[in-house]
Ligand code: HEC
C-alpha cells in the first residue's frame, strides 16, 4: 500500500501540471476587459490584490492587480490555475472548468 502511494505521488508531481509552453496561442477573442479583469478579481485578488491586511498567506510579491502584473506572472498563473491545473485558488469557491480553459487560452496569447 505504501509503495503504491509513493508511485502515485511521483506521477502527480512528474506529470500532473500542464505548463503554458504546452498551450499554443490560436488567436483569442478574450481580452482583459472582457475576461481577465473579472476572472482575476473574482478568483484571485481577494488574496493576491493590492497589499492589504487579509492576503491569507499569499506571498506579497504575487500581486495580480493590473494586466501588466498578470502578464509578468503568466507562466506561474497558468501552472497553478489554468486548464487542468487546480492548485489555485485554494478553494472552496473554484472557477468552473470552462473558466479555467478560457484562462488558459487568454494567457497563452499573452493576456491581451
Ligand atoms: C484564499 C487565498 C488565495 C486565493 C483566492 C488565491 N491564492 Fe494563490 N496563493 C495563496 C497562498 C497562501 C499562496 C502561497 C502558498 C502556495 O504557493 O501554495 C499562494 C501562492 C500563489 C502563487 C505563487 C507560487 C507559485 O506557484 O508561483 C501563484 C502564482 C498563485 N498563488 C496564483 C493564484 C491564482 C492564479 C489565483 C486565482 C485563480 C490564486 N492564486 C488565488 C492564496 C490564495
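Note on segment 64-112: enclosed helices (runs of 4 or more DSSP H) holding 1 or more residues that are closer than 15 Å to residue 19 by Cβ and more than 8 Å from the ligand (Cβ to nearest atom) are 74-81, 97-108. For segment 72-108, a tally of residues being touching a residue at least 12 places away in the same chain (Cβ under 8 Å), farther than 11 Å from residue 44 by Cα and crowded, with 16+ Cβ neighbours inside 10 Å returns 16.
Across segment 27-53, the qualifying residues are those that are in a loop (DSSP other than H, G, I, E, B) and either free of Cβ contacts under 8 Å to residues at least 60 places away in the same chain or closer than 19 Å to residue 86 by Cβ (or both), and the one among them that is farthest from the ligand (Cβ to nearest atom) is 29.
Read-outs: derived from the displayed coordinates by stated rules, not from any lab. All figures in this text were calculated on a predicted structure; none of them were measured in a lab. Cβ sites come from the backbone with ideal geometry, for glycine too, and all protein chains shown count toward neighbours.
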